[in-house]
Amino acid sequence: MTVHPKTMADLMELVHVIGAEVDDATRLLRLHSLSEYFLERILLHRLPNGAVLAEDERFGYYHKVQLAIAFGALKASTIGALRKLAKIRNRCAHERKPVVNIQEIVEIGQIIGPLFTKGMNDFEGDNREFRALAWALFTELSNQTTALEIAAERLQVE
């Protein structure tokens, strides 16, 4: 099976997020950043000049999620998970010594549903909940963005 280069690059980003030997708060910040990357790809794909917004530091995560909703680009469960992720990320960003507990990770994962449950069954050991969440959220975001981009590339070639 040949993996599309865009998908391979995304997988490498995921490995960086879940393979990190850091605390859960840092992992959560990395996962948040990865999810924002996918939101920016939606902007770039859906808007002729989407880079104007994606590159504007004042155009925040909340606005990117709102546009993804307006475009109908993401499933409701993905949006719910992103909102919960953003809420926890914002709390961590304003704490001197942020701590993310396992229950918060599980709550985000439960919004995603079966993919998270599968990840919980497949992963073992330390940080199992976080790895299951990262994998499930990445899979959802990747499925909902990469396929559209690859289809658009094929149309341009033809």
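What to note about this one:
- The residue pairs whose first member lies in the stretch 108-130 and is under 16 Å from residue 21 (Cα atoms), whose second member is among the hydrophobic types (A, V, I, L, M, F, W, C), and whose beta carbons are closer than 6 Å, counting only pairs six or more residues apart or on different chains, are 129/102; 129/105; 129/106; 130/105.
- Filtering the stretch 98-144 to residues that are in contact with a Ser or Thr (Cβ under 7 Å, 6 or more places away or on another chain) and either assigned to a loop (DSSP other than H, G, I, E, B) or among the basic types (Lys, Arg) (or both) leaves only 113.
- So residue 77, is it surrounded by 15 or more Cβ atoms within 10 Å (Cβ to Cβ), at negative phi and at pLDDT 90 or above: yes
- Checklist (1) under 22 Å from residue 12 (Cβ atoms); (2) surrounded by 14 or more Cβ atoms within 10 Å (Cβ to Cβ) applied to residue 86, failing item: (1)
- Among the helices (runs of 4 or more DSSP H) confined to the stretch 1-70, the ones with at least 1 residues that are at pLDDT 90 or above and at negative phi are located at 24-46, 50-54.
The values are calculated or read from the model by the stated rules, or taken from the named source; none is laboratory data. If you're wondering where the values come from, they're calculated on a predicted model, not measured in any experiment. Heads up, the Cβs are rebuilt from the backbone with ideal geometry, glycines too, and the neighbour counts pull from every protein chain shown.
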